[in-house]
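Notes for the one structure printed next.
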Amino acid sequence: MNDADRSELTAEREFLLRSIADLDDEQAAGDLATEDFAALRDDYVARAAVVMRALEADSVPASAPVPGDRNPRRTALVVVACVAVAGIAGVALAATVGSRQAGAPLTGSLPESSGDRMARAEQLVQSNKILDALKVYDQIIKDDPKNAPALAERGWVTHAVPGFQQDGLSYIDRAIAADPTYAEAHFFRGMILWKDNHDPAGAVAEFRLFLANSPGGAEEQTVKSLLHDAAAEAGIPSE
């Protein structure tokens, strides 16, 4: 692939990812019918998957296996996961999970800490290098199977692809089992129960656990608003 073709594909990828994010915003605001939203989003995801598979294949030597070849459905993960992580329903939770301390080295002779690797994974997500980010999360989990932030973030990234929701939820469940007080895992679980499993009552319970375990911050008010909306949908008190 020459530079012009790659540049064109890269521009198309960015357009499609922005379009997916815009569709999600319109649907959340009630400006788009459910049927139209589903059809348009499926179309954008399918088109983006083709583009990103082409870009991914071009960046790997012919003799090397293309990431995802064992399971073609993983290609869609690259398309959608970055949108989900960037959005988080308007709450910047994932960006604050596992952040390294100021001045902590990312490279050099010192071993890379779990916090450093979490920060690196988040940077990869923000750069749309989702498969690379998943590999970093998997490294953290391999070394520390009960690392709640890594389990929760990996689950949130994974859940975004149709057909992978329950796979993502299983990682989040592992995070909660490892640390029931880890607030962000309850937020992630609540969003999946509500939006993917159509279980607003379950979401209410998880949002309450988030608020009970949250150390405080501006995101609490947003989660309280989400709890109110989920409770109204479930027909139960929000308090």
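Remarks
- Selection status of residue 238, in contact (Cβ under 8 Å) with a residue 24 or more places away in the chain, more than 26 Å from residue 140 (Cα to Cα) and open to solvent by 20 Å² or more (accessible area, probe 1.4 Å): yes
- Applying the condition of being over 21 Å from residue 180 (Cα atoms) and within 14 Å of the chain's Cα centre (by Cα) to segment 137-164 and asking which residue is surrounded by the most Cβ atoms within 10 Å (Cβ to Cβ) yields 160.
- Cβ-Cβ under 6 Å pairs, at least 6 apart or on other chains, segment 9-25 side in contact (Cβ under 8 Å) with a residue 12 or more places away in the chain, far side part of a helix (DSSP H, G or I) and of a type in the set (Val, Ile, Thr): 9/51; 12/51; 13/51; 20/83; 21/83
- Of all residues in segment 182-204 being of a type in the set (Gly, Ala, Ser) and either in contact with a Lys or Arg (Cβ under 9 Å, 6 or more places away or on another chain) or buried (at least 16 other Cβ atoms within 10 Å of the Cβ) (or both), the one that is farthest from residue 157 (Cα to Cα): 202
- Condition met for residue 203 (of a type outside the set (D, E, K, R) and either more than 18 Å from residue 28 (Cα to Cα) or not in a helix (DSSP H, G or I) (or both)): no
- Note on segment 206-222: among residues that are within 18 Å of the chain's Cα centre (by Cα) and at pLDDT 90 or above, the one that is farthest from residue 28 (Cα to Cα) is 210.
- Residue tally, condition of a type in the set (Ser, Thr, Tyr) and either touching a helix residue (DSSP H, G or I) at 6+ places or on another chain (Cβ under 6 Å) or more than 16 Å from residue 195 (Cα to Cα) (or both), over segment 20-49: 1
- Hey, residue 225 open to solvent by less than 50 Å² (accessible area, probe 1.4 Å) and small (Gly, Ala, Ser) or not: no
The values are calculated or read from the model by the stated rules, or taken from the named source; none is laboratory data. In this text the structure is predicted, and so the values were computed from the model without any measurement. Backbone-built Cβ (ideal geometry, glycine too); neighbour counts: all protein chains shown. The accessibility values were calculated without ligands, DNA or RNA, using every heavy atom of the protein model including side chains. Shrake-Rupley method; radii C 1.70, N 1.55, O 1.52, S 1.80 Å.
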